[in-house]
Structure formats: C-alpha cells, structure tokens
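Take a look at the structure below.
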Amino acid sequence: VSFQRYPTDKAYFIAKEILATERTYLKDLEVITVWFRSAVIKENAMPEGLMTLLFSNIDPIYEFHRGFLKEIEQRLSLW
C-alpha cells in the first residue's frame, strides 16, 4: 500500500459518505415537499396562508439540494 495514495483514497471515501448523506437528506426533503404537501392539500388540513409560509421556505432548499446532489454524483463519477 502506497502512503501517497492513502489521502486520495480517504478523500474519495469521505466524498462517497457525503453523497450518501445528501441522498438521504434529499429523500427526507422530498417527503416534506411532495408527499406531505399533497396529503395536506388533499385533506384541506391547513389554511392556504400557512401552507404558503411553510413551503416557501422549504421549496428553495429542496431545489438547491436536487442540483447539489446531481453535481456531487457527476464529480464522483469522474473521480
């Protein structure tokens, strides 16, 4: 085992862990932004103003992380 390769290998495994964490986080955000919102709308369980307030903060975060995950996947595929 070459000691010169170890930092690169370690960095790759750290990047893979970031990727796995990001995938999990994005799935959690999807539950909130897609499934929870759909259920609330279907059941008319929340006033529209409250829904707008709640999801106006979450939607941009969800969209950012969708793009961020794609970027991480692309970079790791080229590693």
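The values are calculated or read from the model by the stated rules, or taken from the named source; none is laboratory data. If you're wondering where the values come from, they're calculated on a predicted model, not measured in any experiment. Backbone-built Cβ (ideal geometry, glycine too); neighbour counts: all protein chains shown. Each accessible area value is taken on the protein alone, full model and side chains, heavy atoms only, with ligands, DNA and RNA left out. Shrake-Rupley method; radii C 1.70, N 1.55, O 1.52, S 1.80 Å.
Checking (i) 16.4, 54; (ii) 18.3, 62; (iii) 32.1, 103 against the coordinates, the calculated Rg and Dmax of the Cα atoms in Å falls under label (ii). Residues in the stretch 7-29, backbone N under 15 Å from the label point at Glu43 (7 Å along the Cα-to-beta-carbon vector): list them, ranges by number please. Those under the cut-off are none; the list is empty. Ignoring lysines fewer than eight residues from Lys16 along the same chain, the ones with Cα atoms less than 23 angstrom from its Cα are Lys27, Lys70. Rounded to the nearest 0.05, what FRET efficiency do Asp9 and Arg66 give with R0 = 22 Å and r taken as the Cβ-Cβ distance? Could you check? Between Asp9 and Arg66 the formula returns 0.15. Here the stretch 9-78 is assigned +1 on the Cβ of each Lys and Arg and -1 on the Cβ of each Asp and Glu. Its dipole about the Cα centre then comes out at about 160 debye. For the chain, relative contact order (Cα pairs under 8 Å, six or more residues apart, normalised by length) works out to 51 percent. Full extension of the chain between Glu17 and Ser77 yields a length gain of 20.2 nm, computed as 0.36 nm times the residue separation minus the alpha carbon distance. The angle between the Cα long axis of helix 48-77 and the main principal axis of the chain comes to about 20°, on a 0 to 90 degree scale.
Of the GluC sites (Glu not before Pro) found in the stretch 32-64, not one falls in a DSSP loop while having at most 10 other beta-carbon atoms within 10 Å.
On the chain, 62 percent of the accessible area sits on carbon and sulfur atoms, based on a 1.4 Å probe.
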